[in-house]
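Here the structure is laid out as structure tokens; the discussion comes afterwards.
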């Protein structure tokens, strides 16, 4: 039986204290990779794992506007394209976003 | 003392074929649990003083690459060591893959066995047969699943079956139907109960526990009574197969009519945050159900992480670009996080309920994966070396048993074969492997497994 990740989408609240972002528990947790997506001026610069710790501070202090959101892997199927990336499965956002500026 | 099933047969100098056959036929021809309990005395099976009373085996169908998970070789060349990095665990000197951060925090509970290997074919089924039964075999000599052996030896301790397979049996893994998950010659009374549905689905319920809607209560009772009467009439001409058949029917009726059984399968009774902790997926909810099964009296739970290796994300990392196209991305995003969350939730949960001290959890697989990455960046089947692990009961955690060479290609120290894993489980559950035998085909006495326990596992 293949696994289904339909219906209720996982959700967590995140908040910022200084430059450190904290997450609450993930409700309806699918149990797949949980990661912080960090963008600077709109461009993705890091996707560190978020499962083991409930907070994260991005070490880069390059000036710019930073936006952080929690993401989880959504498995649809295993299929991959010629570049060996997934075709249908993807990361989806599972939290609110927080921003700060340096 | 010779023990056959729960029948203890005193012997002075070993046992005779005649004593075996006498006890064996008694055990096979209609001994119900009360009869068996009456016949119990100190013998080869001593489940009263055993440290391990229950077992959960988690079978990682497809088989993780040992070099990418629990036997990393960061000093090896890139085409050997792969893409992942090791992290330290809470046991100094033991490191595992970075994608198991939660497991790394409980390594003090886990005994890694890094020198597993077997010498038969490199199909999934060879490895499944070894790990499920302790034997490799062909269609003419099918061996019973370890859960069925436990069911045969110890019987049920509640209305629930002694052995349960979650969420369903192993299906097509490429080389035939012999996966080692049947009772074989032990008969249908000792077949595992297969859930056969996905416990993570919102509409999850166990079809086998539903009385058909057109069966009113009294009608169901009447049918049960009629079955008993027919059974009584047939008992005079009883054979082994009719007895097994009867037991299977009675087991089914007990399940259908037992509120405790229905309750055991009802995951809605669990708090939402605990269900989240296990992961809202087939594997995670099966792990949670495994804990509920043990709590409700099941002795042996087998949990198959996937029922096939084809056309889905699973551990079988060939990266072939077709139906076996699992890659590092599947490991990083799906498989490792899913396993890490569910496995650690299970261990924590069992521990908090006081069940871990009497329950062994064995994480097993068919083989390892080739030390050298294939041209597509995957790894293929490799039965010459792999890592599995155990915890719970009186297993001594925080240790590594055996090792492989510098590239993970061969056992370097303390080579271990799959039958030793089952021998260890049986031993831990109080079974004396030298004196406990089962009636095999033709009712010949057969040893459970031709191996010694791994003594180093136990504290």
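Read-outs throughout are calculated quantities, based only on the coordinates presented, and are distinct from any laboratory measurement. Worth saying up front: this structure is predicted, and the values here are computed from it rather than measured. Backbone-built Cβ (ideal geometry, glycine too); neighbour counts: all protein chains shown.
Under the definition of partner shielding as Cβ atoms of other protein chains within 10 Å of a residue Cβ, what is the mean value for peptide B:323-336?
4
For B:333, A:39, B:299, B:353, what's the fewest-to-most ordering of other Cβ within 10 Å of each Cβ?
By the 10 Å Cβ count, ascending, the order reads B:353, A:39, B:333, B:299.
Mean separation of Cα pairs under 8 Å and 6+ residues apart, divided by the residue count of chain A: what relative contact order is that in percent?
That works out to 29 percent.
How do B:276, B:320 line up, fewest other C-beta atoms within 10 Å first?
B:320, B:276
So how far apart, in nm, are the two label points at residue B:49 and residue A:82 if each is 7 Å from Cα heading toward Cβ?
7.0 nm
For a footprinting-style exposure proxy, rank B:143, A:97 by other Cβ within 10 Å, fewest first.
So the residues, fewest neighbours to most, are A:97, B:143.
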